[in-house]
Structures are given as structure tokens and as C-alpha cells.
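Some notes on the structure that comes next.
The values are calculated or read from the model by the stated rules, or taken from the named source; none is laboratory data. If you're wondering where the values come from, they're calculated on a predicted model, not measured in any experiment. Heads up, the Cβs are rebuilt from the backbone with ideal geometry, glycines too, and the neighbour counts pull from every protein chain shown. SASA here: full protein model, heavy atoms, side chains in, ligands and nucleic acids out. Shrake-Rupley method; radii C 1.70, N 1.55, O 1.52, S 1.80 Å.
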Amino acid sequence: MRMTTTGHQMDYSSPSLNLFFDLRYSPYFVKDDWNFILYQTAKQLPVMQGLSLVDVNLSREHSIEPHWHPNANELLYVIQGEIIESVLNPVTLQLLSYRVGPQQSVYIPMGWWHWTNAIMDHSRLVATFDNKNFEIVYGSDILRKTPPEVFQIVYGINAAQWAEVIKQVDQTVIIGPPDARGIRWRIGTNGSR
């Protein structure tokens, strides 16, 4: 037995101990057969403490929308293909962009705004998080949930014009660009919109 960081005991001698999980049956988001995200947290594999991961598959010119993780640092590792990972440093306001290929990685500190653009078909990457249940705040949610009047007051943008522009973003995007035929999606078993 050992004590986990949450104070719960983990019994590694238990005959019911499970150390295996198949991500193929744990979709986080599916846009189509080539653009999807699989995920694993402590909810799927309880023995996994202080760690989560996602398996991302993207075709060329597809992106993971701008977002941040308020409760976890991220390590992104490319297995196949090539991406551009962009990160906004909130301390210096410098935009950092990295061309990342197989066997290369990018570290993204907790709370830093970032996004991924695939520049090759069949790009596949794994992102690990130092939290057993990572959280995500998506840019599309910020844009569509902030009242247009706020953009007018704060930025001087005409509220009616902004409302017209943003009405096309009627759901969380996650993998863009939007498909004109509609998006088949599912956000985790406990996800909400």
C-alpha cells in the first residue's frame, strides 16, 4: 500500500487492481474520422493519480482552438506528422510559436493561452497533464458567452455588429475549422456545454 497525494490509500496488492485502459473507447471530442481527441483521467483509470492524458489526431489545416488549462501544466509530444504550437506568454505578452515534429515536445505552463495547428495530414500528438482531472477553458466559449455589450464598452466594438459576427460560433469549437455539413461531437462523459 502507499498513500496518494490526495491522502487516499492505493492498494497495489489487491487482486482487483487494474493498471490497463483502452483510450479507443474514451472519446473526448470527435469531429470526423481523422480529427478527434481521446482522453484518460483518474475517472477512467482510478489508479492513475495526479496525471491525465489526451491523444489528439488532426488532419492538415485543422486546429485545436485557443484555450487554457486553469488547473494543470501540459506537456505536448508529437508522435506523427507536424504541427505549429502557439503559446502566449502572459508575463511578457510574447507570442511563442514552435514547429513541432515527431519526437519533439512543447511544455505549456498552467493558465497559458495556447492553440495547435496541424500542417501535415495524420498528425498525432499526446498531451499529458499534471492533474488527474484537467480542466479546459475554450476561446469559443469566452467569445460566445460574453455579452456583445461588453465588447462595445471595453473595446469600442459595435455590439450589434459583433453579435452578428459571433453568432456563427454557436457551440464550443474544440477542433476547427467548422464543417459546413455539421459537426458530430461528444465531450467526455461528464462534459457540459
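Observations on the model:
- Just so you know, in the range 93-113 the residues that are of a type in the set (A, V, I, L, M) and open to solvent by 80 Å² or more (accessible area, probe 1.4 Å) include one that is nearest to Arg60 (Cα to Cα), and it is Leu95.
- Check on Gln40, more than 20 Å from His114 (Cα to Cα), among the polar types (S, T, N, Q), modelled with pLDDT under 95 and surrounded by 16 or more Cβ atoms within 10 Å (Cβ to Cβ): no
- Selection count where residues are buried (at least 16 other Cβ atoms within 10 Å of the Cβ), assigned to a strand (DSSP E or B) and within 13 Å of the chain's Cα centre (by Cα), scope the range 119-153: 6
- Strands (runs of 3 or more DSSP E) (entirely within the range 19-70) containing at least 2 residues that are in contact with a Ser or Thr (Cβ under 8 Å, 6 or more places away or on another chain) and not basic (Lys, Arg): 36-40, 52-58, 63-68
- Residue check for Pro90: over 15 Å from Lys132 (Cα atoms), open to solvent by 50 Å² or more (accessible area, probe 1.4 Å) and assigned to a loop (DSSP other than H, G, I, E, B): yes
- Residue in the range 71-78 that is part of a loop (DSSP other than H, G, I, E, B), in contact (Cβ under 8 Å) with a residue 24 or more places away in the chain and aliphatic (A, V, I, L, M) present: yes
- Only a single item in (1) in a helix (DSSP H, G or I); (2) open to solvent by less than 30 Å² (accessible area, probe 1.4 Å) is not met by Thr116, and it is number (1).
- Taking each residue of the range 106-120 that is in contact (Cβ under 8 Å) with a residue 60 or more places away in the chain and looking for partners that are acidic (Asp, Glu) with beta-carbon atoms closer than 8 Å, six or more apart or interchain, yields Thr116/Glu85; Ala118/Glu61; Ala118/Glu82; Met120/Glu82.
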